[in-house]
Amino acid sequence: MAEPLSEMQVRHIAKLSRLAVGASEVEAYRAQLGAVLAHMDTLRALDLAGVEPLTHVSGAVNRLDGDA
């Protein structure tokens, strides 16, 4: 699991995202961003060898009709 983000890292991410983050919000964002990064670690650990890329969740394709 990734180590927790520091207050400085949270403020840097907020600045890049153009978000105004107050002092009281930093701890909440540390927990939320940490959870996202932990989930990304979980996904990164999956063995996806042989899995075809998915471009669309259904088998639907565009139907092309002739010009009317």
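The values are calculated or read from the model by the stated rules, or taken from the named source; none is laboratory data. Since we're looking at a predicted model, the values are computed, not measured. In this analysis, Cβ positions are derived from the backbone assuming ideal geometry, glycine residues included, and neighbour counts consider all displayed protein chains. Surface areas here come from the heavy atoms of the whole protein model, side chains and all, with no ligands, DNA or RNA. Shrake-Rupley method; radii C 1.70, N 1.55, O 1.52, S 1.80 Å.
A few notes on this one:
- Here residue 24 qualifies as over 19 Å from the mean Cα position of the chain (by Cα), free of Cβ contacts under 8 Å to residues at least 60 places away in the same chain and not in a loop (DSSP other than H, G, I, E, B).
- Hits in the stretch 1-26 (condition: among the hydrophobic types (A, V, I, L, M, F, W, C), under 16 Å from residue 38 (Cα atoms) and open to solvent by less than 80 Å² (accessible area, probe 1.4 Å)): 2, 5, 10
- Any hit, the stretch 48-68, residues being open to solvent by 100 Å² or more (accessible area, probe 1.4 Å) and in a helix (DSSP H, G or I): no
- Flag if residue 19 is assigned to a loop (DSSP other than H, G, I, E, B) and at pLDDT below 90: no
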